[in-house]
Amino acid sequence: MDASFHTLFRRRERDRVSPKEVFAVAAIAFCLKHDDEFKRAFLCGFCGIKLPAHIPKIRIAADDHKWGDLVVNADDCSFICVLEFKIDSKVKPKQNPNSQSFEYALQISKSQDCWNCGEKRFIVVTKDEAVQKVNPNCSEQHNIQCDWKSWTDLNYVKATSNLASDLFDCLGDFGIQSFRERQLMNMKLADSAPKALKVVQVLRAVYKLLGGRLTIDKISDEGNEPDNWWIGVQVESKLTEKFTGWFGYQGSKGIKSNTQPAHPAVWFYCNSPSSDPKKIRKLLYANGFKPELEKHEAPSRDIELKRSVDDERGDLEWFKSVYKAVGAIKKTE
């Protein structure tokens, strides 16, 4: 394992950084070190650096600095490029070129790596497709060419090696939409379509019982990962005054509980003052269910309920029985 990976893991433990961002930066750094095709495509096509036919020797630092996730600079001082990557977390003012508190510019300019460099770039990479435009005065003020990029821009990088393909698949697994679509491009799912239709029909039937009309845009699969996935629907307060929540299907590889790897599940969000988790749990227990409290680093009162392996009820019947137990559906329905 590269030393950059160890550095990133230490930082994650120290600063509680998003693990997705940690792995994404480490994977990009690895490809830059070991794939010349990706290196040229990334630096020229994505970062906008003008490279000669022969790429100069470069140094790659994955989170060795406090003013950028990834720093790429040429040994011949022709350029330095500092990148800040965001997947789930927000851009802080000190990282934002448009902010009056853009501290990174000062820290970069003070760095010995930057003193004699000809081309200086700072790029914020964000999941937000509506990326910001940099104030035209920013680059002159800080003597650094600043820019915003979306992850979709990285998806357009023309690199066809196996290593680059593995990187793009990895980014898709982290829930970055453009890379997830890239994964789907060559899939043939016709055989699975009938089952997918049944899933949608079950979700629609449950939502109707709760008093709503389900449209396709309300079905969410955000955050899906190969080993930990879900597809379902948010239960809004307008449907029931007793709680908000979620219902649908979720799964995980290597699960060690009394549930199937893929199973129906219901969540009750009980952190609002109007919710009563004790009452919900009592009602569920009284009807033969065994709810679990969600396990978080921070205290949470949310309740998770999974269908057990020995429960022989059909999916729709199970969902109905859960919501009947807590009074969200009338007993007569």
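The values are calculated or read from the model by the stated rules, or taken from the named source; none is laboratory data. Nothing here was measured: the structure is a model prediction, and the numbers come from that model. Counting neighbours? That spans all protein chains shown, and the Cβs are built from the backbone with ideal geometry, glycine included.
With respect to the conditions (1) under 25 Å from residue 33 (Cβ atoms); (2) part of a strand (DSSP E or B), residue 148 falls short on a single one, namely (1). Restricting attention to segment 124-162, the residues that are among the hydrophobic types (A, V, I, L, M, F, W, C), touching a helix residue (DSSP H, G or I) at 6+ places or on another chain (Cβ under 8 Å) and either surrounded by fewer than 19 Cβ atoms within 10 Å (Cβ to Cβ) or closer than 24 Å to residue 31 by Cα (or both) total 7. Can you tell me which residue within segment 73-92, out of those that are assigned to a loop (DSSP other than H, G, I, E, B) and of a type in the set (A, V, I, L, M, F, W, C), is nearest to residue 23 (Cα to Cα)? Out of the qualifying residues, it is 87.
For segment 93-113, residues that are surrounded by fewer than 14 Cβ atoms within 10 Å (Cβ to Cβ) and either part of a loop (DSSP other than H, G, I, E, B) or hydrophobic (A, V, I, L, M, F, W, C) (or both) total 4.
Among the residues of segment 177-192, not a single one is in contact with a Leu (Cβ under 9 Å, 6 or more places away or on another chain) and either modelled with pLDDT of 90 or more or not in a helix (DSSP H, G or I) (or both). Being closer than 25 Å to residue 20 by Cβ, of a type outside the set (Val, Ile, Thr), under 26 Å from the mean Cα position of the chain (by Cα) and modelled with pLDDT under 80: is that true of residue 237 here? So residue 237 does not fit the description; no. Cβ-Cβ contacts under 7 Å between residues 6 or more apart (or on different chains), taken from a first residue in segment 308-327 that is without any contact (Cβ under 8 Å) to a residue 40 or more places away in the chain to a second residue that is part of a helix (DSSP H, G or I), are listed as 311/318; 313/321. Checking the stated criteria, residue 285 turns out to be among the hydroxyl-bearing types (Ser, Thr, Tyr), at pLDDT 90 or above and surrounded by fewer than 18 Cβ atoms within 10 Å (Cβ to Cβ). Within the set 163, 209, the sole residue that is under 30 Å from residue 48 (Cα atoms) and at pLDDT 90 or above turns out to be 163. Screening segment 1-70 for helices (runs of 4 or more DSSP H) wholly inside it with 3 or more residues that are at pLDDT 90 or above returns the ranges 19-34, 36-40.
Selection of segment 259-274 for residues being surrounded by 14 or more Cβ atoms within 10 Å (Cβ to Cβ), modelled with pLDDT under 70 and farther than 18 Å from residue 230 by Cβ yields an empty set.
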